[in-house]
Amino acid sequence: MSADPIAIARELIRCPSVTPASGGALDYLEGVLKPAGFAVHRATFSQDGAADVENLYARIGGGPPHLVLAGHVDVVPPGNEAVWRFPPFAAESADGVLYGRGAVDMKGGLACLVAAALDHLAARGGKPKGSISFLVTGDEEDVAVNGTVKLLAWAAARGESFDHCILGEPTNPQALGDMIKIGRRGSLNGTLLVMGRQGHVAYPQFAENPIRGLVQLMSALMAEPLDGGTEDFDPSNFEFTNVEVGNRTVNLIPGEARARFNIRFNDRHTQASLRAVIEQRAAAAARGVRWRIDWMPSNADAFLTKPGPFVDLIAEVVREVSGRRPALSTTGGTSDARFIKDYCPVVEFGLVGATAHQVDEHTPVSDLTQLTAIYRGILDRYFAQ
Ligand SMILES: [Zn+2]
């Protein structure tokens, strides 16, 4: 009898695991993986200023090649539960569609990875040809400090090494088979501050309005694109996200003005090179304006898993099972793949992400069946090499 990804997805959705709570989801996974022969480890990580988070690492097999299946059990909050068609943690289905928080991001994908691994192992008499591991965190949707980044370091300290990784995040925009993610853009946040001199608006000669300087520098920073993109990446994008003066008084020239920005950048930049370019552009436009940029720390560099045999294998199985030729993409936000890439090549493929984080998050049940077939095909072919 083959493993049932829909039943596994239901059990996971019924665990209320809004970050940082695991809601019993990792207990459930351990209960599924252990009887199949996986050595299951649970690791709780801590850091000042962040909540403790539970994680799970499970491995079967001792030799190479070592394929890691990665994911997260935490979910974003449901918002106003009253407006959901079904309660968000009830895992109800109707008309062949499974509803619930995490249905696509990413308890559904994780359930398919588990079902595919169990089926693959069962077909081989319970033993893998190499090694299969699950790397499952409860800290992806929030600050991501006590999750995958620490679990990878923990595994490396135990002597674990990985050859390839599949991360089951939802990657398809519209239909299963649309898109594989082979990289991600980096993300960097900063605040531009312009210092002036506060004063009476009727006597501007005795004040120095920082809003003039802020507009001048903002215009300069928005004027030129950062690059023209690459073969694998869209152009990097600089975007202001907030302007703040905080002045509620009508007859006052404020003393300081600030604008917050975010940069999504491709692999033509590092954080250091970007900071240098932005500061050079601001300096060139300043002409006497007093300014500075406060950069926020970022753990999101750009990366690319170069197309090659591993990417080809996945794309080929996706095409065979879904009938679609997947785009190899680097679009979208960040994911835990940004941490995994430091340990082994990582490719992301999962469900259709259109309703992720929304009210009435849902997936067709048939997508769960088909995604399990895709993962199973990938495992069979990967370990047949
Ligand atoms: Zn996710």
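On the stretch given as segment 338-366, residues that are aliphatic (A, V, I, L, M), surrounded by fewer than 22 Cβ atoms within 10 Å (Cβ to Cβ) and touching a helix residue (DSSP H, G or I) at 6+ places or on another chain (Cβ under 9 Å) total 2. A Cβ distance below 9 Å, combined with a sequence gap of six or more or placement on separate chains, defines the contacts here; from segment 94-117, residues that are away from the ligand (no atom under 16 Å from the Cβ) reach residues that are of a type in the set (Asp, Glu) and in a loop (DSSP other than H, G, I, E, B) in the pairs 98/92; 99/92; 99/360; 99/361; 115/4.
Among residues of segment 241-254 that are surrounded by 13 or more Cβ atoms within 10 Å (Cβ to Cβ), those with a Cβ under 6 angstrom from a residue that is part of a strand (DSSP E or B), sequence gap 6+ or separate chain, pair up as 243/259; 244/258; 245/257; 253/199.
I'm checking my understanding of the structure. Among residues of segment 342-382 that are of a type in the set (D, E, K, R) and more than 22 Å from residue 316 (Cα to Cα), which one is nearest to the chain's Cα centre (by Cα)? Looking at residues that are of a type in the set (D, E, K, R) and more than 22 Å from residue 316 (Cα to Cα), I get 342. Flag set for residue 163, criterion: surrounded by fewer than 18 Cβ atoms within 10 Å (Cβ to Cβ), touching a residue at least 40 places away in the same chain (Cβ under 8 Å) and not β-branched (Val, Ile, Thr).
Cβ separations smaller than 6 Å between residues 6+ apart or across chains give the following pairs from segment 138-158 residues that are within 21 Å of residue 333 (Cα to Cα) and part of a loop (DSSP other than H, G, I, E, B) to residues that are of a type in the set (D, E, K, R) and away from the ligand (no atom under 15 Å from the Cβ): 138/54.
When segment 255-276 is filtered for residues that are touching a residue at least 60 places away in the same chain (Cβ under 8 Å), of a type in the set (D, E, K, R) and in a loop (DSSP other than H, G, I, E, B), only 267 remains.
Within segment 213-234, the only residue that satisfies the criterion of being among the β-branched types (Val, Ile, Thr) and either surrounded by fewer than 13 Cβ atoms within 10 Å (Cβ to Cβ) or in a loop (DSSP other than H, G, I, E, B) (or both) is 230. Of the listed requirements (1) surrounded by fewer than 18 Cβ atoms within 10 Å (Cβ to Cβ); (2) under 19 Å from residue 184 (Cβ atoms); (3) in contact (Cβ under 8 Å) with a residue 60 or more places away in the chain, residue 297 misses just one: (3). Filtered by the rule that a residue be touching a residue at least 60 places away in the same chain (Cβ under 8 Å), closer than 17 Å to residue 110 by Cα and surrounded by fewer than 19 Cβ atoms within 10 Å (Cβ to Cβ), segment 24-50 gives a lone residue, 36.
Only residues that are surrounded by 24 or more Cβ atoms within 10 Å (Cβ to Cβ), within 16 Å of the ligand (Cβ to nearest atom) and assigned to a loop (DSSP other than H, G, I, E, B) were counted across segment 171-184, and they come to 1. Within segment 188-212, residues that are within 22 Å of residue 241 (Cα to Cα) have Cβ atoms under 8 Å from residues that are at pLDDT below 95 in these pairs: 188/298; 188/300; 189/298, counting only partners at least 6 apart in sequence or on another chain. Candidates are the residues of segment 256-291 that are of a type in the set (Asp, Glu) and over 14 Å from residue 210 (Cα atoms); the one that is modelled with the highest pLDDT is 279. One residue stands out among those in segment 131-155 that are within 15 Å of the ligand (Cβ to nearest atom) and among the small types (Gly, Ala, Ser): the one that is surrounded by the fewest Cβ atoms within 10 Å (Cβ to Cβ), which is 144.
The values are calculated or read from the model by the stated rules, or taken from the named source; none is laboratory data. These figures come from a predicted structure and were not determined experimentally. Using ideal geometry, Cβ is built from the backbone for each residue, glycine included, and neighbour counts are taken over all protein chains shown.
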